[in-house]
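Visitor: One structure follows; several queries about it will come next.
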Amino acid sequence: MKINRTAVIAGHEFRGITSTKAFVIITVIGPFLILAVSVLPGLIAQRADGAPSDARIGIAGMDTELIEVFQDSLKETGFTLVPGEDLEQMKQMMLDDELYGLLEIPGDLVQVQEFIYYSKTGTDASVFETLRAVLGNMAVTLRMEEAGLDSRQIRELSALPGISVRRLSRSGVEESRDMFSIIVTAVSFVMLLYMTILLYGQMIGRSIVIEKTSKTVEILLSSARAKEIMFGKILGIGAAGLLQYALWIAAGLLIILVIGPVLDISLPSGLNPVTLLFLLLFFLAAFLLYASVYAALGAAAEDEQNLGQLAWPLILFLVIPMIMISPIVMNPSSGFALVLSYFPLTAPVVMFTRVLVSMPKAWELLLCFAVLAASIALTVRAAAKVFRVGILMTGKRFTLKEIAVWVKHDK
Amino acid sequence: MIELKQVTKTYGERRAVDRISFQTREGEIFGLLGPNGAGKTTTIRMIMNIIAPDSGTILFDGKPLGEADKQRIGYLPEERGLYRKNRVNDLLLYLGRLKGKPADELQRNIDYWLDFFELSDWKHSKVEELSKGMAQKVQFITSVVHDPEILFFDEPFSGLDPVSTDALRDAVQEMAKQGKTVLFSTHIMEQAEKICSRIFLINGGREVVSGPIDSVKDRFGHRCVTVEYSGDASFVQALSQVEDVAWYPKYLEITLKDNADTDALLRELVKHLSVRRFEIVAPSLHRIFVDLMGRQRRPQS
């Protein structure tokens, strides 16, 4: 009976992974991560840096009349002003947590050069920036009044023009985008990509090195070719990865198409069917690339510890774009980002980051996938050679240099 | 039928297998014997097409071995290992499927063999829950689950208790009777002596001796005499008929010189000792093995 042994091995690996608790847990948690990714940025942006909305601020050295005006101007912030005379007593109240902060006006508001704000942390910038802006505005208004301007003139003269940030995308749609939300979305998605590449790559390497350490490889080799074993493993584990991604993307689409509109949540523009498609494509490309290298290293390694040592340089290429994600997001067309987006080992993560921030031109994407496809073809062939030699080598640890020689001299 | 002609394999400087030739026939148990590191496993791996020989040919029914032939072979490697997380039945089905057999046929064989080794209760247990001996039996089943025509057993009895060893030996002999070819590799000569019809003794990658077990014994074995006695037997070593003496607490084993007169020896012994038993025995394969290995080692050192 003719049988596809690669498929039998792939099926065994697939069942082996998908039946583990870890797989189920990660698969279930995944959509929640995506949900968090899509909702959190909006929530966080609303509450900028988490200033308490009902903060009680002590105030010393200000006329009751002015305090009323000041309190009126603070209406939108929710801050309550607590007037007092004795500064020392108020400091004590603050230490007893009766006051959130304390503002001291040393002298006449019209002439004062500097207010003093007592803070417990010194870092509650949103509070003191708000106070500074409102109080500063009051001081300037008072000065203008003294200079003889009426209130209408003052309003006109002191009105600051605002700034509206719009993002021009290739599709021509103008959308207002919050930088913070873009970064959070990009980092979350890229993190997901990075984690899954690492997870599934290492899974391949481990699965193969375990065949060696548990001495089962010879049984497999008595039934199948080395190549069939390698591809069976890659395809089986890859199929498990794809299944996981398919479930996540289904969950993502559910959020975009159903949950979002029904609950009327404004979703970050990074979460749309197109980016999900690219996420899948880049995962697939990165998986095939990393999986074949991991397969070769797994076959060459003596044990799991040795595999870890051999795989170090590989992980480095995954980590570099993660460390550099901030500059890449800020400036996706920098020379550095461009180079990394075409270098095979970093391309999936970096190009995907670019897709999230600012969609690259079609030819750039095509070039990137062409580079990846060519690299995968080369790597798989080299990996198959290393695999065939390495899988029967036991009792000795090899360096990457020695392993590289197998590719050249394999008969 | 498997036929090796002048097969050679070199690892770096070391010749693991050096110009080896032999044939195995259907229905026989062929013993590939030798000490550890002699080249047995390398030879079997080449026959299995796991590694390629540097030179020489390996024929399988007169043709070079192809990938499809792997399905006709069952292999029990010396280095035992199973997937610890798998359940026994799933594991056996998986390895059988890799050999290209349909699941229903495999299941019949699996049930037969689990029953044979009294492992049916463990069918759905994980491998890691099995004792070492049970895992050994499961390992053996992996090599026969697809009912192969040709069987390679590398040290099949290691780790088995005496009852299982006997059961397995009967099973192996039964397979040979059914016309299967059994290639059996071991360094334990007592086992080989019990079941092999022909042997091939290998050391340092080279053939030391080969042929039907009886003719090997005739050619290389010195006759031995076992004597149970009381008294001082230290004079025995100096007797003219004696080649070598092995001393044991209750008896001694005398290796005779070629054409030694055993009647004369007995007369010499009874002069000085009270002899309770005097038995002329055929040489054991073990003895021949040790002798031949020793003979090989001497010129080298």
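The values are calculated or read from the model by the stated rules, or taken from the named source; none is laboratory data. Predicted, not measured: the structure shown is a model, and the values here were computed from it. Backbone-built Cβ (ideal geometry, glycine too); neighbour counts: all protein chains shown. Side chains are part of the model used for accessible areas, which takes the heavy atoms of the whole protein and leaves out ligands, DNA and RNA. Shrake-Rupley method; radii C 1.70, N 1.55, O 1.52, S 1.80 Å.
Visitor: Can you name the number of the only condition in (1) in contact (Cβ under 8 Å) with a residue 24 or more places away in the chain; (2) more than 14 Å from chain B (Cβ to nearest Cβ); (3) closer than 30 Å to residue A:397 by Cα that residue A:305 fails?
Guide: (1)
Visitor: Under the condition of being more than 21 Å from residue B:180 (Cβ to Cβ) and away from chain A (no Cβ under 11 Å), which residue from region B:51-88 is modelled with the lowest pLDDT?
Guide: By that ranking, first place goes to B:64.
Visitor: Which ones in region A:204-219 are more than 14 Å from every other protein chain (Cβ to nearest Cβ) and not β-branched (Val, Ile, Thr)?
Guide: Of the residues in region A:204-219, the ones more than 14 Å from every other protein chain (Cβ to nearest Cβ) are A:204-205.
Matches in region A:204-219: A:205 only.
Visitor: Restricting to region A:67-83, count the residues that are without any contact (Cβ under 8 Å) to a residue 40 or more places away in the chain and not acidic (Asp, Glu).
Guide: 8
Visitor: Tell me which residues, restricted to region A:220-251, are facing chain B (nearest Cβ under 10 Å), buried (at least 24 other Cβ atoms within 10 Å of the Cβ) and either in a helix (DSSP H, G or I) or among the β-branched types (Val, Ile, Thr) (or both).
Guide: Once the filter is applied, which keeps residues that are facing chain B (nearest Cβ under 10 Å), buried (at least 24 other Cβ atoms within 10 Å of the Cβ) and either in a helix (DSSP H, G or I) or among the β-branched types (Val, Ile, Thr) (or both), region A:220-251 yields A:221, A:229, A:232.
Visitor: When the residues of region B:247-277 are filtered to those that are part of a helix (DSSP H, G or I) and open to solvent by less than 40 Å² (accessible area, probe 1.4 Å), which remaining residue is modelled with the lowest pLDDT?
Guide: B:262
Visitor: State which residue pairs qualify: first residue in contact (Cβ under 8 Å) with a residue 12 or more places away in the chain and over 30 Å from residue A:355 (Cα atoms) and inside region A:367-395, second residue of a type in the set (A, V, I, L, M, F, W, C) and assigned to a loop (DSSP other than H, G, I, E, B) in any location, beta carbons under 9 Å apart, and separation of 6 or more residues or different chains.
Guide: A:390/A:301; A:390/A:398; A:392/B:50; A:392/B:51
Visitor: So how many residues does region B:141-164 have that are over 13 Å from the mean Cα position of the chain (by Cα), over 14 Å from residue B:70 (Cβ atoms) and away from chain A (no Cβ under 14 Å)?
Guide: Counting residues in region B:141-164 that are over 13 Å from the mean Cα position of the chain (by Cα), over 14 Å from residue B:70 (Cβ atoms) and away from chain A (no Cβ under 14 Å) gives 5.
Visitor: Being modelled with pLDDT of 90 or more, within 11 Å of another protein chain (Cβ to nearest Cβ), in contact with a Leu (Cβ under 8 Å, 6 or more places away or on another chain) and crowded, with 20+ Cβ neighbours inside 10 Å: is that true of residue B:91 here?
Guide: It is true that residue B:91 is modelled with pLDDT of 90 or more, within 11 Å of another protein chain (Cβ to nearest Cβ), in contact with a Leu (Cβ under 8 Å, 6 or more places away or on another chain) and crowded, with 20+ Cβ neighbours inside 10 Å.
Visitor: For the structure I just gave you, tell me whether residue B:168 is under 25 Å from residue B:36 (Cα atoms), open to solvent by 10 Å² or more (accessible area, probe 1.4 Å) and hydrophobic (A, V, I, L, M, F, W, C).
Guide: The answer is no for residue B:168.
Visitor: Could you check, for region B:106-121, whether at least one of its residues is within 13 Å of chain A (Cβ to nearest Cβ), more than 27 Å from the chain's Cα centre (by Cα) and either of a type in the set (Asp, Glu) or crowded, with 21+ Cβ neighbours inside 10 Å (or both)?
Guide: yes
Visitor: Can you confirm whether region B:130-140 contains a residue that is within 25 Å of the chain's Cα centre (by Cα), small (Gly, Ala, Ser), more than 9 Å from chain A (Cβ to nearest Cβ) and surrounded by fewer than 16 Cβ atoms within 10 Å (Cβ to Cβ)?
Guide: yes
Visitor: Please work out which residue is farthest from residue B:8 (Cα to Cα), limiting yourself to region B:208-235 and to residues that are open to solvent by less than 60 Å² (accessible area, probe 1.4 Å) and in a helix (DSSP H, G or I).
Guide: B:235
Visitor: Turning to a different aspect of this structure: When you scan region A:57-88, how many residues do you find that are open to solvent by 40 Å² or more (accessible area, probe 1.4 Å) and part of a strand (DSSP E or B)?
Guide: The number of residues fulfilling the criteria is 2.
Visitor: Return a yes/no flag: does region B:45-61 have any residue that is surrounded by 20 or more Cβ atoms within 10 Å (Cβ to Cβ) and among the small types (Gly, Ala, Ser).
Guide: So far as region B:45-61 goes, no, none of its residues is surrounded by 20 or more Cβ atoms within 10 Å (Cβ to Cβ) and among the small types (Gly, Ala, Ser).
Visitor: Is it true that residue A:333 is small (Gly, Ala, Ser) and at pLDDT below 90?
Guide: Yes; evaluated as a whole, the condition is true for this residue.
Visitor: Return yes or no: is residue B:15 under 30 Å from residue B:206 (Cβ atoms), within 14 Å of another protein chain (Cβ to nearest Cβ) and not polar (S, T, N, Q)?
Guide: no
Visitor: So the check is Cβ under 7 Å with 6+ separation or different chains; which pairs have a first residue in region B:271-295 that's within 20 Å of residue B:194 (Cα to Cα) and a second one that's open to solvent by 80 Å² or more (accessible area, probe 1.4 Å)?
Guide: Qualifying pairs under 7 Å: B:280/B:223; B:283/B:223; B:286/B:190.
Visitor: Which of the residues that make up region B:25-40 are surrounded by 22 or more Cβ atoms within 10 Å (Cβ to Cβ) and either within 14 Å of another protein chain (Cβ to nearest Cβ) or among the β-branched types (Val, Ile, Thr) (or both)?
Guide: Passing the criteria: B:29, B:40.
Visitor: Do we find a residue being within 14 Å of chain B (Cβ to nearest Cβ), out of contact with any Leu (no Cβ under 6 Å at 6 or more places or on another chain), modelled with pLDDT of 70 or more and open to solvent by less than 60 Å² (accessible area, probe 1.4 Å) anywhere in region A:25-42?
Guide: No; the residues of region A:25-42 include none that is within 14 Å of chain B (Cβ to nearest Cβ), out of contact with any Leu (no Cβ under 6 Å at 6 or more places or on another chain), modelled with pLDDT of 70 or more and open to solvent by less than 60 Å² (accessible area, probe 1.4 Å).
Visitor: Going by what's in this entry, would residue B:103 be described as open to solvent by 30 Å² or more (accessible area, probe 1.4 Å) and within 9 Å of chain A (Cβ to nearest Cβ)?
Guide: Considered against the rule, which asks whether it is open to solvent by 30 Å² or more (accessible area, probe 1.4 Å) and within 9 Å of chain A (Cβ to nearest Cβ), residue B:103 comes out as no.
Visitor: Does residue A:324 satisfy the condition of being free of Cβ contacts under 8 Å to residues at least 60 places away in the same chain and in contact with a helix residue (DSSP H, G or I) (Cβ under 9 Å, 6 or more places away or on another chain)? Outline the logic, then answer.
Guide: Details: free of Cβ contacts under 8 Å to residues at least 60 places away in the same chain: yes; in contact with a helix residue (DSSP H, G or I) (Cβ under 9 Å, 6 or more places away or on another chain): yes.
The answer is yes for residue A:324.
Visitor: Find the residue count for region B:236-246, including only residues that are in contact with a Leu (Cβ under 9 Å, 6 or more places away or on another chain), outside any loop (DSSP other than H, G, I, E, B) and closer than 13 Å to residue B:269 by Cβ.
Guide: 3
Visitor: One residue is enough: does region B:185-207 have a residue meeting the conditions assigned to a strand (DSSP E or B), out of contact with any strand residue (DSSP E or B) (no Cβ under 7 Å at 6 or more places or on another chain) and open to solvent by 10 Å² or more (accessible area, probe 1.4 Å)?
Guide: Looking through region B:185-207, at least one residue is assigned to a strand (DSSP E or B), out of contact with any strand residue (DSSP E or B) (no Cβ under 7 Å at 6 or more places or on another chain) and open to solvent by 10 Å² or more (accessible area, probe 1.4 Å).
Visitor: Sticking with this structure for a sec: For the list (1) free of Cβ contacts under 8 Å to residues at least 60 places away in the same chain; (2) under 30 Å from residue A:207 (Cα atoms), I need the number of the one condition that residue B:74 fails.
Guide: Every condition holds for residue B:74 apart from (1).
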